[in-house]
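Working notes for the structure below.
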Amino acid sequence: MFWILVVLQWLHVLFAIFWFGFVMTLDFLIIPTVQTLEPRVQQAFGGAFGRRVPKVITPVASTVILLGVLRGIAGGVLGRLGSAYGLTWIAALVITTGLLLLGIYVLTPLAQKLQSASPGPEFDAILNRLKGLTVAELVGFLVVISLMIAMRFGY
Ligand code: HEM
């Protein structure tokens, strides 16, 4: 059982780094860099990037959740769902699933809408909404990471 826990957790953390690392890189490096380029280049890059991202990130994020569920079950969480540890695990599952759905059903369609919007007030409004939501997404990630650390210490 020890080695099953080790392998599950190792894979869970690896995929989690991929997902969270992507979001940080997107928010702090890719978006600010793309915004300095001319609109024609922004739309060309944004279109190609926007088509590729969900194909890679949706499976990665789903794998993070699946491995987190399996890691919890392998550690015996189902036998103590009412404990602090069990409640933290459930909260992590709910919030992380929410983050995945936010990405699929809100952020990706909004980013696609941005590609077809012509520069002006409509473009600025979509961009501001997108920026606000990415900040909310980052806050969600920080909450989930705090929950992970809490579980590490038994809560
Ligand atoms: C954005 C999503 C997530 C990230 C970035 C993430 C990251 C991490 C990290 C870094 C650890 C190692 C913590 C440590 O040992 O100090 C961990 C452990 C763990 N994660 Fe996640 N995780 C995420 C989502 C989830 C979800 C959705 C679940 C299940 C519902 C989950 C279940 C677990 C469990 C059970 C552990 C082991 C906790 C223990 O030490 O007993 N994680 N996660």
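One residue alone among 86, 132 is of a type outside the set (Phe, Trp, Tyr), at pLDDT 90 or above and loosely packed, with under 12 Cβ neighbours inside 10 Å, and that residue is 132. Scanning the range 112-125 for residues that are farther than 17 Å from residue 53 by Cβ and either touching a residue at least 12 places away in the same chain (Cβ under 8 Å) or part of a loop (DSSP other than H, G, I, E, B) (or both) yields 117, 118, 119, 120.
Residues in the range 62-83 that are surrounded by fewer than 14 Cβ atoms within 10 Å (Cβ to Cβ) and among the polar types (S, T, N, Q): 83 alone. Taken over the range 88-111, the criterion of being of a type in the set (A, V, I, L, M, F, W, C) and more than 8 Å from the ligand (Cβ to nearest atom) is satisfied by 91, 94, 100, 101, 102, 104, 106, 107, 110, 111.
Out of all the residues in the range 1-30, which are away from the ligand (no atom under 14 Å from the Cβ) and touching a residue at least 12 places away in the same chain (Cβ under 8 Å)? Result: 26, 27, 30.
Residue 71 meets the stated requirement of being more than 26 Å from residue 26 (Cα to Cα) and touching a Leu at 6+ places or on another chain (Cβ under 6 Å).
Pairing residues of the range 127-152 that are more than 8 Å from the ligand (Cβ to nearest atom) with residues that are charged (D, E, K, R), at Cβ distances under 7 Å and at least 6 apart in sequence or on separate chains, gives 134/27; 138/27.
Identify all residues within the range 99-121 that are among the hydroxyl-bearing types (Ser, Thr, Tyr) and either under 15 Å from residue 131 (Cβ atoms) or modelled with pLDDT of 90 or more (or both); write none if there are none.
Across the range 99-121, the qualifying residues are 105, 108.
Looking at 63, 33, 88, just one residue is farther than 26 Å from residue 6 by Cβ, polar (S, T, N, Q) and out of contact with any Lys or Arg (no Cβ under 7 Å at 6 or more places or on another chain), and that residue is 33. Do we find that residue 72 is more than 18 Å from the chain's Cα centre (by Cα) and either within 14 Å of the ligand (Cβ to nearest atom) or modelled with pLDDT under 90 (or both) in this structure? Considered against the rule, which asks whether it is more than 18 Å from the chain's Cα centre (by Cα) and either within 14 Å of the ligand (Cβ to nearest atom) or modelled with pLDDT under 90 (or both), residue 72 comes out as yes. Taking every residue in the range 45-66 that is at positive phi and pairing it with any residue that is surrounded by 15 or more Cβ atoms within 10 Å (Cβ to Cβ) and part of a helix (DSSP H, G or I), at least 6 positions away or on another chain, yields no pair with a Cβ-Cβ distance below 8 Å.
Taking residue 44 as the residue in question, decide whether it is surrounded by 15 or more Cβ atoms within 10 Å (Cβ to Cβ) and of a type in the set (Gly, Ala, Ser). Answer is no for this residue. Screening residue 57 against (1) surrounded by 16 or more Cβ atoms within 10 Å (Cβ to Cβ); (2) under 19 Å from residue 14 (Cα atoms); (3) within 11 Å of the ligand (Cβ to nearest atom) leaves a single unmet condition, (3).
Report whether or not residue 90 is over 19 Å from the mean Cα position of the chain (by Cα) and of a type in the set (Val, Ile, Thr). Criteria not met by residue 90.
The values are calculated or read from the model by the stated rules, or taken from the named source; none is laboratory data. Just so we're clear, the structure is a prediction, and the values are computed from it rather than from any experiment. Using ideal geometry, Cβ is built from the backbone for each residue, glycine included, and neighbour counts are taken over all protein chains shown.
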